[in-house]
Amino acid sequence: MTVIGTGYLGATHAACMAELGHDVLGVDVDPAKIEALSDGRVPFFEPGLPEVLERTMESGRLRFTTDYAEAAGHATVHFLAVGTPQQRGSYAADLTYVHAVLDDLVPRLEGRHLVLGKSTVPVGTAVELQERVDALAAEAGRGAEVEIAWNPEFLREGYAVKDTITPDRIVVGHRTDRPSTAVETAREIYARPLDEGTPFFEMNLPTAELVKVSANAFLATKISFINAVSEICEATGADVTRLADAIGVDDRIGRKFLGAGLGFGGGCLPKDIRAFMARAGELGVDQALTFLREVDAINQRRRERVVELTRELTGGRLIGRRVCVLGAAFKPNSDDVRDSPALNVAGSLSLAGASVSVYDPQAMANAARVFPTLGYAGSVEEALQGAEVVVLATEWRQFRDLDPAATGELVDERVIIDARNVLDADAWRAEGWTVAALGRALN
Ligand SMILES: NC(=O)c1ccc[n+]([C@@H]2O[C@H](COP(=O)([O-])OP(=O)(O)OC[C@H]3O[C@@H](n4cnc5c(N)ncnc54)[C@H](O)[C@@H]3O)[C@@H](O)[C@H]2O)c1
């Protein structure tokens, strides 16, 4: 098989498919990425992935290339894993990269091929792509027969290897107007997880596309729900963390994803809910998803709230104040800074005139690329040195485990905003800290 697009999703998928015993060729247009992967280096942080990459490359089952001719000759099954970012100036998904893959691949194919889409795409995309590949194959005149099917991906960054090798579900959407080999092929590819009891869902193409975006819309809504309640808690003296514990024991609700705080970010949730709204608009059913606009707005407001809280704690003026921001990645165990709440807060504080010092255990290089004007510290201690306010913005274990007494020796003022509600506020207050948090009246 080939895996086309070797970013967070694709590199993981390629290595894990080789781990499952398949002969895999990873394809990307970024020569630097392919060079790194070919040298056995994962160009991003994902726990466990370097080991799988090393093992599978040594076994000879995994290689990488930038050459589409090689890809066309290597396999008859092609996973499509390129990015589908938000379009500039619009909420809609940008399908340029998806189209580019098929435009480069299909004219080179001969015989029967199956393309399994893993990228997150708006509902209706696969049907359009089938028309596109039919036209491309006819034009090329090599007699190729290419089927488009969709196999959405649910992996979580930070747990990507486990989620790919032992997924919690496998979803395959296939065409229903012509014969399809997608289910049979997918069952063969995923034989090991299926043998281990992973649920397998076979469905039509629009349902498979919608499963993915609905799942993300639900998760985003759950986070924004608790963050909306958090705003009410702030206005009333209630404690959102106690509230979440108490409503979360109801198994119809569940405690997961009720962590009130700085909200969601990353390369998926924000752009996926926006693309979902945009697609609903194109379909004439925009009212069905107008609530997602509110989900997005609640999420953005949490970032503004943390900036406001920092301003309040510096006596109303941020200009020249030394603020330490702990975290730049959008979540722990990842170096992904796409739409990162932590980096967004750090950037806003800096633009408001604060002198910001950022530290993240893994995301420093990515953060510096996106936001070069921020101050980046070489260690957590260096970032804390002389701070007048500390903002815990990404809940890395290293930050959760900070010792309040030792940390207090480094800063100028013992003032911390626990923007992820992960610290033991009593322990910090016992060391003389002023602790502020979202959705809790602590002081
Ligand atoms: N990252 C995740 O956790 C995750 C989880 C589930 C679904 N997804 C979805 O997977 C898709 C990819 O996400 P990602 O986070 O891996 O993005 P990414 O930006 O990390 O990777 C995309 C890769 O595609 C490559 N690419 C672009 N055009 C190409 C082309 N024409 N041919 C070959 N390669 C090309 C890029 O160079 C890049 O390496 C998106 O649709 C995303 O929504 C991501």
* Counting only residues that are surrounded by 17 or more Cβ atoms within 10 Å (Cβ to Cβ) and small (Gly, Ala, Ser), how many does segment 35-47 have? -> 1
* State whether one or more residues within segment 23-35 are part of a helix (DSSP H, G or I), more than 19 Å from PRO152 (Cα to Cα), in contact with a strand residue (DSSP E or B) (Cβ under 6 Å, 6 or more places away or on another chain) and within 10 Å of the ligand (Cβ to nearest atom). => yes
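With the structure loaded, tell me whether ILE4 is touching a strand residue (DSSP E or B) at 6+ places or on another chain (Cβ under 9 Å) and under 25 Å from GLU184 (Cβ atoms) or whether it fails that test.
Working: touching a strand residue (DSSP E or B) at 6+ places or on another chain (Cβ under 9 Å): yes; under 25 Å from GLU184 (Cβ atoms): yes.
When the stated conditions are applied, ILE4 passes them.
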* Restricting the first residue to segment 152-165 and requiring it to be under 26 Å from GLY124 (Cα atoms) and free of Cβ contacts under 8 Å to residues at least 24 places away in the same chain, which pairs with a second residue that is in a helix (DSSP H, G or I) and more than 7 Å from the ligand (Cβ to nearest atom) meet a Cβ separation below 6 Å and a spacing of at least six or different chains? -> ARG156/ASP163
* **Qualifying residue in segment 87-99 (condition: at pLDDT 95 or above, within 13 Å of the ligand (Cβ to nearest atom) and among the β-branched types (Val, Ile, Thr))** => yes
* **Test set (1) over 21 Å from the mean Cα position of the chain (by Cα); (2) surrounded by fewer than 19 Cβ atoms within 10 Å (Cβ to Cβ) - ILE416 fails condition number** => (2)
* Asked: Do the conditions hold for VAL42, that is, is it of a type outside the set (Asp, Glu), within 12 Å of the ligand (Cβ to nearest atom), farther than 23 Å from VAL98 by Cβ and within 20 Å of the chain's Cα centre (by Cα)?
  -> yes
* **Wholly within segment 225-341, helices (runs of 4 or more DSSP H) carrying at least 1 residues that are touching a Cys at 6+ places or on another chain (Cβ under 7 Å) and either outside the structural domain of LEU442 (by TED's automatic domain parsing) or away from the ligand (no atom under 16 Å from the Cβ) (or both)** => 240-248
* To do: Looking for whichever is more than 16 Å from the ligand (Cβ to nearest atom) and not in a loop (DSSP other than H, G, I, E, B) here; the options are PRO179, PRO193. Which one fits?
  => PRO193
* Asked: In segment 98-154, which residues are of a type in the set (Phe, Trp, Tyr) and surrounded by 22 or more Cβ atoms within 10 Å (Cβ to Cβ)?
  -> TRP150
* Structure fact -> Result of the Cβ filter at 6 Å on segment 23-52, keeping first residues that are free of Cβ contacts under 8 Å to residues at least 24 places away in the same chain and partners that are assigned to a loop (DSSP other than H, G, I, E, B), at least 6 apart or interchain, is ALA36/PRO43; PRO50/VAL42
* To do: Determine which single condition LEU20 fails, assuming it passes every other condition in (1) under 11 Å from THR164 (Cβ atoms); (2) hydrophobic (A, V, I, L, M, F, W, C); (3) surrounded by fewer than 24 Cβ atoms within 10 Å (Cβ to Cβ); (4) within 11 Å of the ligand (Cβ to nearest atom).
  => (4)
* Starting from residues that are over 20 Å from GLU128 (Cα atoms) and of a type in the set (D, E, K, R), keep the ones in segment 273-291 and report whichever is surrounded by the most Cβ atoms within 10 Å (Cβ to Cβ). => ARG274
* All but one of (1) in a loop (DSSP other than H, G, I, E, B); (2) within 11 Å of the ligand (Cβ to nearest atom) hold for ASP163, so report the exception by its number. => (1)
* Asked: Are any of the residues in segment 87-94 buried (at least 24 other Cβ atoms within 10 Å of the Cβ) and out of contact with any Asp or Glu (no Cβ under 7 Å at 6 or more places or on another chain)?
  -> yes
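The values are calculated or read from the model by the stated rules, or taken from the named source; none is laboratory data. The model shown is predicted, which means the values in this text are computed figures rather than measured ones. Here the Cβ is made from the backbone with ideal geometry for all residues, glycine too, and neighbour counts use every protein chain on show.
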